[in-house]
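This report refers to the structure that appears directly beneath it.
Quick note: the coordinates plus some simple rules give every number you see, no bench work behind them. Here the structure is a predicted model, which is why all the values come from computation and not from measurement. Virtual Cβ from ideal backbone geometry, glycine too; neighbours counted across all protein chains shown.
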Number of protein chains: 4
Amino acid sequence: MTKTRLEAFSDGVIAIIITIMVLELKVPQSTDWETIKHLIPVFLSYVLSFIFLGIYWGNHHHLIHSIKGVNISILWANLHLLFWLSLVPFATAWMGESNFEKVPVIVYAVLADLCGIAYYILLMAITKHEAKNETMLKVLKKQSRKGFFSIIFYTAAIPVAFFHPAISCIIFTIVSLMWIIPDRNIERTVHNHPH
Amino acid sequence: MTKTRLEAFSDGVIAIIITIMVLELKVPQSTDWETIKHLIPVFLSYVLSFIFLGIYWGNHHHLIHSIKGVNISILWANLHLLFWLSLVPFATAWMGESNFEKVPVIVYAVLADLCGIAYYILLMAITKHEAKNETMLKVLKKQSRKGFFSIIFYTAAIPVAFFHPAISCIIFTIVSLMWIIPDRNIERTVHNHPH
Amino acid sequence: MTKTRLEAFSDGVIAIIITIMVLELKVPQSTDWETIKHLIPVFLSYVLSFIFLGIYWGNHHHLIHSIKGVNISILWANLHLLFWLSLVPFATAWMGESNFEKVPVIVYAVLADLCGIAYYILLMAITKHEAKNETMLKVLKKQSRKGFFSIIFYTAAIPVAFFHPAISCIIFTIVSLMWIIPDRNIERTVHNHPH
Amino acid sequence: MTKTRLEAFSDGVIAIIITIMVLELKVPQSTDWETIKHLIPVFLSYVLSFIFLGIYWGNHHHLIHSIKGVNISILWANLHLLFWLSLVPFATAWMGESNFEKVPVIVYAVLADLCGIAYYILLMAITKHEAKNETMLKVLKKQSRKGFFSIIFYTAAIPVAFFHPAISCIIFTIVSLMWIIPDRNIERTVHNHPH
């Protein structure tokens with residue numbers, strides 16, 4: 001099992017997930033301006049998840065790019081991550097169509113948490129396998145710190161959603177921003193230690 | 001982040017978008033000739049968007065092929081473009097199923113505009129990164145000129161659709177033709193400056 | 001535009017078409033044996049189109065593998081072919097769900113014809129571009145002969161479907177068998193003239 | 001026909017199958033806790049099939065990786081396998097939505113059986129073609145033994161489902177576990193005989 005194929009398969013699955021999500025945007029029967037207004041929550045939910053998956057794609061790509069080989073634990077940890085990511089379109093559609101109601105927002109927060117935990121498990125499987133790969137360790141250090149905070153935030157968003165689902169959605173947005181902004185630094189690190 | 005992976009991911013996403021669009025063609029319950037007549041607007045809308053996405057695929061491919069590397073701005077500018085492109089199947093289906101009614105045609109024109117602007121942002125991110133890559137500058141020169149006219153046309157199609165949605169659709173067709181016809185010239189330019 | 005990318009994009013699109021077709025197999029609400037009986041025409045229609053697309057994938061792959069370069073005519077002829085192929089899931093579902101009624105069978109026959117013509121146009125675009133590529137000419141000779149007969153058969157299936165849709169379906173099956181059986185010969189030819 | 005393309009096409013199709021399966025998870029209209037309870041069988045069915053397809057992807061990848069070339073029999077045996085695998089999302093959704101009722105569970109067992117048989121046919125087509133490839137023979141030996149037991153188990157699950165569908169589902173789980181656990185050994189074998 002070469003890492004190239006794992007990379008190609010994972011990239012393929014993430015590309016499909018991010019794209020089929022649009023199929024959950026149901027075509028409205030009506031054509032007045034009111035219809036547009038009803039589409040707004042569905043659209044916002046879509047934007048949130050598109051960025052969420054985009055970040056995962058970028059991070060996953062950085063991570064796999066930095067490793068040298070793949071073993072069976074990494075393979076299954078990776079499939080486990082893809083499993084939870086594959087549920088994002090479902091949770092996204094439910095949250096959007098329900099206009100960010102309590103239960104769907106809780107489900108979304110739990111799912112985001114599970115994706116984060118699955119990513120963490122993948123990080124651990126890789127660390128165990130490539131304990132001496134310095135490039136990977138640098139990527140891992142940054143990602144595991146941010147990953148840790150993400151899981152804390154998503155976990156906090158679960159009880160919050162019982163009372164104020166809107167605040168949970170703000171938490172989702174903050175986590176995404178946290179990942180987008182300092183990505184530039186990771187890139188610099190990788191660039192300074194080419195492989 | 002190598003450009004090969006960006007290319008593969010983008011090609012993958014565009015391939016999926018162009019293909020899943022057909023899932024919006026709902027299978028009719030009836031089987032008489034009348035049914036075929038009702039399918040015509042949906043079919044025309046599909047043809048329009050298939051060509052629209054085909055042009056984006058070709059242009060995007062030419063552009064990425066001409067560059068040497070990828071930085072974080074290009075990565076996000078590219079994801080931003082893919083985001084708007086991913087909404088094309090939705091807008092296509094709504095426009096077709098409503099038989100080219102006012103609101104869906106306006107939405108389609110706005111979306112086409114946003115795709116054009118996103119492409120323009122990608123062009124700028126690339127120019128900033130590869131200011132001395134001459135092959136890229138040639139491709140960029142052609143594409144930014146045509147891209148500029150496309151945005152003008154699509155923007156014009158928005159107010160026009162309030163009164164005559166049909167004219168907006170003619171504008172969409174003209175823009176597509178503008179891209180299809182002189183593509184041959186771009187190819188010649190690229191061919192004369194191999195890289 | 002390298003042929004590798006055209007090949008990857010086409011393979012990707014055909015892989016997606018052949019796979020999303022299954023989404024048209026609607027999950028039944030009931031769970032008795034009667035339900036299975038109603039699924040049979042949908043299943044048969046799916047089998048027919050799976051083989052149809054499998055043959056196109058194989059032929060297309062052989063053809064593109066044998067050529068050396070790609071120009072803009074080949075690019076658009078290829079997109080044109082993918083356009084008609086992308087409509088196969090729709091026609092398949094309509095034919096199956098209507099239990100092979102007249103109009104959907106006619107539509108299927110017309111679509112199969114258009115796919116055949118689009119493939120023929122692609123063959124001509126390639127011949128014009130690579131008139132001296134002998135490996136390609138051998139592949140082309142076989143494919144254009146069989147392609148010619150396919151178009152004749154599919155065209156014949158159109159008027160036949162007005163009276164006996166079942167006979168048209170038998171014609172579809174015969175054409176598929178014609179392609180499957182002598183493929184071995186093509187392979188031998190390609191094998192004897194490596195490139 | 002190079003094995004690289006067969007590998008890419010198969011990986012692509014399996015990636016699409018595993019991912020579009022989520023589209024069968026219909027977004028509920030309600031948003032209370034009761035809804036979650038109704039989603040459980042659908043979710044369990046999804047988990048089962050995700051692992052089922054993940055195992056096929058891994059095994060198929062190992063197998064194709066170990067061979068040297070591809071002939072027309074392998075090509076069609078492979079397409080035949082992909083055909084049955086492509087029906088998994090349908091059977092999964094039906095089984096889940098019906099809360100594991102008799103008929104859908106029988107259909108799932110029959111389909112799992114057909115996938116196993118199709119894999120076996122592929123194994124035989126490869127053995128015939130590469131009788132002297134030792135790496136492949138080692139992979140094949142392990143896979144054909146486990147494949148044989150899988151077919152026995154799935155076949156047994158068919159009559160069992162007539163009386164106790166739940167026991168059939170336990171059989172499905174046991175077969176999956178059988179494949180997941182000793183995979184490590186196969187990897188070791190492949191690792192000791194690099195190619």
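The GNM of chain D, with springs linking C-alpha atoms under 10 angstrom apart, assigns the highest mean-square fluctuation among D:Ile106, D:Ile170, D:Ile181 to D:Ile181. Here the relative contact order of chain D, from alpha carbon pairs under 8 Å that lie six or more residues apart, stands at 25 percent.
Distance from the alpha carbon centroid of the stretch B:100-162 to that of the stretch D:49-92 works out to 42 angstrom. How charged is the neighbourhood of C:Ile67? Take every other residue with its Cβ under 9 Å from the Cβ of C:Ile67, and add Lys/Arg as +1 and Asp/Glu as -1. Net charge in that neighbourhood comes out at +1.
In chain C, the calculated helix contribution to ellipticity at 222 nm averages -28500 deg cm²/dmol per residue, counting -39,500 (n - 2.57) for every DSSP H run with n ≥ 4.
The simple spin-label model puts a point 7 Å past each Cα toward its Cβ; for D:Ile36 and C:Phe149 those points are separated by 6.2 nm. Dipole of the stretch D:3-192 computed with +1 at Lys/Arg Cβ and -1 at Asp/Glu Cβ about the Cα centre; of D:Thr31, D:Asn78, D:Val160, farthest Cα towards the positive end is D:Asn78. The phi torsions of the stretch B:32-44, fed into the Karplus equation with coefficients 6.51, -1.76 and 1.60 and a -60° offset, translate into couplings of 9, 5, 4, 4, 4, 4, 5, 7, 4, x, 4, 5, 4 Hz, rounded to whole numbers, with Gly and Pro shown as x.
Mind telling me which of C:Thr155, C:Thr92, C:Thr31 comes out most flexible in a GNM of chain C, alpha-carbon contacts under 10 Å? Of C:Thr155, C:Thr92, C:Thr31, the most mobile in the Gaussian network model is C:Thr31. Dipole magnitude for the stretch D:1-125: computed about the Cα centre from +1 point charges on Lys and Arg Cβ and -1 point charges on Asp and Glu Cβ, it is near 420 debye.
Starting from the Cα of A:Lys141, draw a straight line to each of the lysines and keep only those under 19 Å, dropping any in the same chain fewer than 8 residues away. Output for A:Lys141: A:Lys68, A:Lys128, A:Lys132. Between copies, the label points at B:Lys37 (set 7 angstrom from Cα along Cα-to-Cβ) are spaced 3.6, 3.6, 5.1 nm, reported in nanometres from shortest to longest.
Considering only B:Thr135, B:Pro89, B:Ile117, the residue lying farthest towards the positive end of the dipole of chain B is B:Thr135, judged by Cα position with unit charges set on Cβ.
Taking the Cα centre of the protein assembly as shown as origin, sum charge times position over the Cβ atoms of Lys and Arg (+1) and Asp and Glu (-1), and report the length of that vector in debye to the nearest 20. It would help to have the intermediate numbers written out before the result.
Working: 60 positive and 48 negative charges, 590 e Å.
For the protein assembly as shown, the charge dipole is close to 2840 debye.
Structure remark: mean-square fluctuation, Gaussian network model of chain A, C-alpha springs under 10 Å; the largest value among A:Met95, A:Met178, A:Met136 belongs to A:Met178. With respect to chain A, whose longest principal axis is taken over its alpha-carbon atoms, helix A:183-192 is tilted by about 20°.
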